[in-house]
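Comments concern the structure below.
The values are calculated or read from the model by the stated rules, or taken from the named source; none is laboratory data. Computed from a predicted model, the values in this text were never measured in an experiment. Counting neighbours? That spans all protein chains shown, and the Cβs are built from the backbone with ideal geometry, glycine included. With ligands, DNA and RNA removed, areas are computed over all heavy atoms of the protein, side chains included. Shrake-Rupley method; radii C 1.70, N 1.55, O 1.52, S 1.80 Å.
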Amino acid sequence: MGFTVGDVLLVAMPAVILVAVIWALTAAFKPRDTGLSDAERYQRELAARSAAHQAAQVQAATAARARIDASTRPSQNAQQQSQQDSQSRAALKAQVGASPGVGQAGYNGPILPNGQLNPQFALQLQGMVRSGQKIQAIKLLRHETHSDLLTAKNYIDRL
C-alpha cells in the first residue's frame, strides 16, 4: 500500500481548508476589544483639558469682571443707586440752601454708617464735575474717602 502525493494532498487539503475556515469564523465572530484606541483616548483627554481650561478662563473673567464692577460702581445695584440719586436730588431741592456743605455744621462726612457716600457729598462732587472741576472732584473724593486713584476716577466718570 503505497500512498502517493496525490492521495496525501486529497486528504490533507480539505483538512487545511477546514482549519482555515474555522479560524476565519472564530476571528470574525470574536468579540472586539471595547477599549479605546490611543487616538480616541488622546481626543478625550484633549477635550477634557480644553473644557477645564475654558472653565478656568470663564471663572477668571467672571472674577475680573466682578472686581471691575466693584471698583467702578458706587453701589452693586444700579437701580438702587438711581433711586438713591433721585431721592438725594429731591431732598436737595427741598432744602435749597439749607443743607450744609463740607466743613459746615451739620455735615455728617462723606461716608454714611452703611458704607455709602453721603448724598450731599455726592451732589457736591456732581456739581464740581458739571462745572468742569473733574480733577478737583477726584482729589476731593480721594481725600475724603481714602480711596485709590482708579476707584475715584471711575466713580467721578460715572457721575
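Could you check how many residues of the stretch 112-137 are part of a loop (DSSP other than H, G, I, E, B), polar (S, T, N, Q) and open to solvent by less than 60 Å² (accessible area, probe 1.4 Å)?
Summing the residues that are part of a loop (DSSP other than H, G, I, E, B), polar (S, T, N, Q) and open to solvent by less than 60 Å² (accessible area, probe 1.4 Å) in the stretch 112-137 gives 2.
Among (1) more than 18 Å from residue 87 (Cβ to Cβ); (2) at pLDDT 90 or above; (3) surrounded by fewer than 17 Cβ atoms within 10 Å (Cβ to Cβ), where does residue 109 come up short?
Result: residue 109 fails condition (2) only.
Is the stretch 39-48 home to any residue that is modelled with pLDDT of 85 or more, open to solvent by 80 Å² or more (accessible area, probe 1.4 Å), aromatic (Phe, Trp, Tyr) and in a helix (DSSP H, G or I)?
No, every residue in the stretch 39-48 fails to be modelled with pLDDT of 85 or more, open to solvent by 80 Å² or more (accessible area, probe 1.4 Å), aromatic (Phe, Trp, Tyr) and in a helix (DSSP H, G or I).
Would you mind stating whether residue 58 is at pLDDT below 80, of a type in the set (Val, Ile, Thr) and either open to solvent by 50 Å² or more (accessible area, probe 1.4 Å) or part of a helix (DSSP H, G or I) (or both)?
No, not satisfied.
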